[in-house]
Structure formats: structure tokens, C-alpha cells
Amino acid sequence: MAQIIRFIPALRVHSWGGFGSQLFTAYVILKLQKRFPGRRIKVVIHTAGVTRRITEFNFEQLGVKAIQVEDYKSGTVDHDSNEWSLSFFRQMRRITSALFIPILTWLNIFQTANSDDSFAAIRLWTLIVRGHYTKLTRDKHLLENLFDFLYKADYTRTKNMDILALHYRLGDLLNLSTKEPIKIERIDSLLKQVPFNTDSKFLLTDSSIEELSISLEQSSNLSFFRVVNYDPLTTLWFCITANDFVGTNSKISIWATIFRSALFNKESFLPKELEGPFDTIGLVKRY
């Protein structure tokens, strides 16, 4: 079997999005390695998105090769290009995808791994995995491994910080028409209803403090928070180890909640918008 695996082309696992999305990619890789020991895997990180994404997780520590594909395109339009040709090309690409992807899926050469069913359909000869990987059942042992890869620390010895951590995402939500940031009024309402017994309050954000200050002008409760803008790894650490945690519609908030629940048996607060895709996470209260 080892000789057969050596001659099979590497399984290409595609990844889109920032740090939180890349953690879902890392998790699906750990599941693949558990199921197919010795299978060669290559991660393809796409820069495409509302904003340009870069590789933020060190996939090579998982023992896999990683390549970054520069497919990000800004919102600028080239008015000198032939619009008919561009439209024709896009239409042909959609037709080609509609014809070949079902065939490749039926042959198990292509899979999404978005759920347990699609992950179970992956075979030794599968060559492409492209998806968001968010609905997979979470294995505590694999989560322990992922936590160790992130922080090189024994999670059982991780100290609890006596703080309230609020992770407030703005970032690319300011540029999306289909989503918007959680309204400050909802967070204010939660802070009034829940007696968080701590004097140290941190508001962690992916935006500039100047940009966030405009939103905070609407709140009297959040004026007592210390606003910080850390890198994603440090932000996630604060959210995981805080005594109390309030998340927003962000995959970093989701991962903080997953780790807090599965590894530390700690409760978290998430917005009700995330109830559908992530209703299997334990120890969550919605607001």
C-alpha cells in the first residue's frame, strides 16, 4: 500500500479566506491524515476574496506542502477590454464546470469535504478537495493536535485569564452587500443582561482603532473596554483563554468558541446568525 500511495499524485486541498478559514483547512487536513496515513497532500491557498488574502497558518508544520495562488482581483474595471469576450469566457467556464464537476464527483476524484457525508466520499484516489469544511464533526483529539500546532502548549496547563474578551469584526464586512457587522446596540443589550464579573474588558478587532471608534460612539458600555488590534494568532489566544467571551460573525470567533467548548469546557456567546451552520458547537448562548 505504501508503494501504491507513493505513485498517486498529491491530494490538492484548496483554501480560501483568512486565518479562521485556514484553520478549517488545517482541520480537514488532520482528518485526511488520520484516515489516509502516508497520503501526500498539497495545500493551495487562494488570495482571491473581497480583500487580498495571504497565507497566515503554517501548513508545513502539518507535514504538507503549501503553495499560494495569486488569483485576487481588485474591484477596478478595465474599460478597454472586450466585454463580450469576457462574458463569453465566463459563460463557457460555468458550462464546463457544470458538465465536468458532477462527473469528477461521481468518480470520487473531486469532493468538497464540507460535511461528514462528503468527507466520507473521499477515496484514496481523490485528487481535489475544494470546500469550506465548516460542517465536519469535530474530533477532540484532532482539536488538541491543532491547538498544539498553533501554540506549542499543553492545553491542560493553559491558564485562564480573568478578563472579558469581545471579538468585534469589521474588516471586509464594511465592503460586503450580503453581510454587515453585528450592530453595537445588540452587544450593548447583551452586556446589560449578562453580569460579567470582571473589571478587565478587552475589545479585539481586525480594524484600525480609528475606524472602530466611529462605531463605538454609539455605545456607553463599550467605552470601558480596552481596544486592541493584535495579529490573528494572539487575538484567538485572548478569546480562548478569557474567562468570558463574546464573539461576532467571524471565523476567529467560531474557532475560539470551538476550542473553549471542546478543550476547556467554557461557555461563549455568539450571534444568532451563526446558529444554523454552527449549531453543533456546545456551550454556546446566542444573542
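Key figures
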read-out	value
Residue order, fewest to most surrounding Cβ atoms within 10 angstrom, among Asp244, Asp154, Asp71	Asp154, Asp71, Asp244
Lysines whose Cα lies under 22 Å from that of Lys183, excluding same-chain neighbours fewer than 8 positions away	Lys192, Lys201, Lys251, Lys272, Lys285
Net length gained if the chain between Lys73 and His46 were fully extended (0.36 nm per residue, minus Cα distance)	8.6 nm
Loop-located trypsin sites (Lys or Arg not before Pro) in the range 152-241 whose Cβ has at most 11 other Cβ within 10 Å (DSSP)	Lys152, Lys159
Sorted by Cβ neighbour density within 10 Å, fewest at the top, the residues Tyr168, Tyr27	Tyr27, Tyr168
Residue order, fewest to most beta carbons within 10 Å, for Phe110, Phe24	Phe110, Phe24
Simple label model, 7 Å out from Cα along Cβ direction - Asp117 to Glu180, nm	3.5
Qualifying GluC sites (Glu not before Pro) in the range 210-287, DSSP loop, other Cβ atoms within 10 Å at most 16	Glu217, Glu267, Glu275
Local electrostatic count at Gly17 - Lys and Arg +1, Asp and Glu -1, tallied over other residues with Cβ under 9 Å	+2
Euclidean distance of C-alpha centroids, the range 211-235 and the range 33-60, integer Å	31
FRET efficiency for Ser219 and Ile5, using Cβ-Cβ distance with R0 set to 45 Å, rounded to 0.05	0.20
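Just so you know, all these numbers are worked out from the coordinates, no wet-lab data involved. For clarity, every value in this text was computed on a predicted model and none was experimentally measured. Because the Cβ atoms are built from the backbone with ideal geometry, glycine has one as well, and the counts that use them run over all protein chains shown.
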